[in-house]
Amino acid sequence: MVTFSVKQRITDQFRVLGTVEWTNWSRLKAPAIISKATGATISTLPFNYDDGWFFALGGEYDWNEQLTLRAGAAYEMSPIDTGIRSLRLPDDDRIWLSAGMTYKPMENLSLDLGYTHIFTANDTRVNIVAGHQDFAGLTYTGDVDSSVNIVSAALRYSF
């Protein structure tokens with residue numbers, strides 16, 4: 001995984017932040033499951049993933065000396081394309097929307113709150129036809145609708 005991030009002050013109160021991240025998922029290819037007792041290959045896991053990419057842009061605004069507000073958006077390109085999507089992992093590209101704040105009531109005490117909503121960027125479809133190695137003799141077709149909500153809170157005290 002390689003991450004490149006920047007933070008640029010625009011004014012004394014406002015900053016812009018950006019990140020680009022690359023994950024080398026293609027390195028996984030098709031790892032083998034090997035018996036510890038015999039050393040023989042039992043099976044393989046045909047991941048065949050592409051590399052993943054993540055692009056984010058956000059901002060921070062100091063409302064006053066005690067309160068900093070944050071917001072941002074990101075686009076994550078899934079390493080799983082339509083050709084290898086399965087019921088095991090029906091992944092697709094994702095959009096991230098985030099907002100948060102830091103409240104600092106005293107010099108050495110601060111409270112951080114954050115919220116992120118992640119949802120798929122496309123109409124995700126899974127098509128598995130009869131004969132697929134994971135589901136021999138069965139056919140599955142379906143739409144996947146997924147989202148994630150993340151809420152975080154942190155209390156920091158500096159000595």
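General remarks:
- For segment 130-141, the criterion of being open to solvent by less than 40 Å² (accessible area, probe 1.4 Å), over 27 Å from ASP12 (Cβ atoms) and modelled with pLDDT under 95 is met by no residue.
- Enumeration of residues in segment 21-46 that are within 27 Å of the chain's Cα centre (by Cα) and either without any contact (Cβ under 8 Å) to a residue 24 or more places away in the chain or open to solvent by 50 Å² or more (accessible area, probe 1.4 Å) (or both): TRP22, ASN24, TRP25, ARG27, LEU28, LYS29, ALA30, PRO31, ALA32, ILE33, THR44, LEU45
- Filtered residues of segment 78-95 (kept if open to solvent by less than 70 Å² (accessible area, probe 1.4 Å) and either within 16 Å of the chain's Cα centre (by Cα) or not small (Gly, Ala, Ser) (or both)): SER78, PRO79, ILE80, ASP81, ILE84, ARG85, PRO90, ASP91, ASP92, ASP93, ARG94, ILE95
- Test: residue in segment 112-125 that is open to solvent by less than 50 Å² (accessible area, probe 1.4 Å), at pLDDT below 95 and not polar (S, T, N, Q): yes
- Residues in segment 58-77 that are open to solvent by less than 60 Å² (accessible area, probe 1.4 Å) and in contact with a Lys or Arg (Cβ under 7 Å, 6 or more places away or on another chain): GLY58, GLY59, GLU60, GLU76.
- The single condition from (1) open to solvent by less than 50 Å² (accessible area, probe 1.4 Å); (2) touching a strand residue (DSSP E or B) at 6+ places or on another chain (Cβ under 6 Å); (3) among the aromatic types (Phe, Trp, Tyr) that TRP53 fails is (1).
- Matching strands (runs of 3 or more DSSP E) fully within segment 1-54 where at least 2 residues are at pLDDT below 90 and polar (S, T, N, Q): 41-44
The values are calculated or read from the model by the stated rules, or taken from the named source; none is laboratory data. What you see is a predicted model; the values in this text were computed from it and never measured. Here Cβ is always computed from backbone atoms with ideal geometry, including for glycine, and neighbour counts include all displayed protein chains. Protein only, heavy atoms only, side chains kept; ligands, DNA and RNA dropped before computing areas. Shrake-Rupley method; radii C 1.70, N 1.55, O 1.52, S 1.80 Å.
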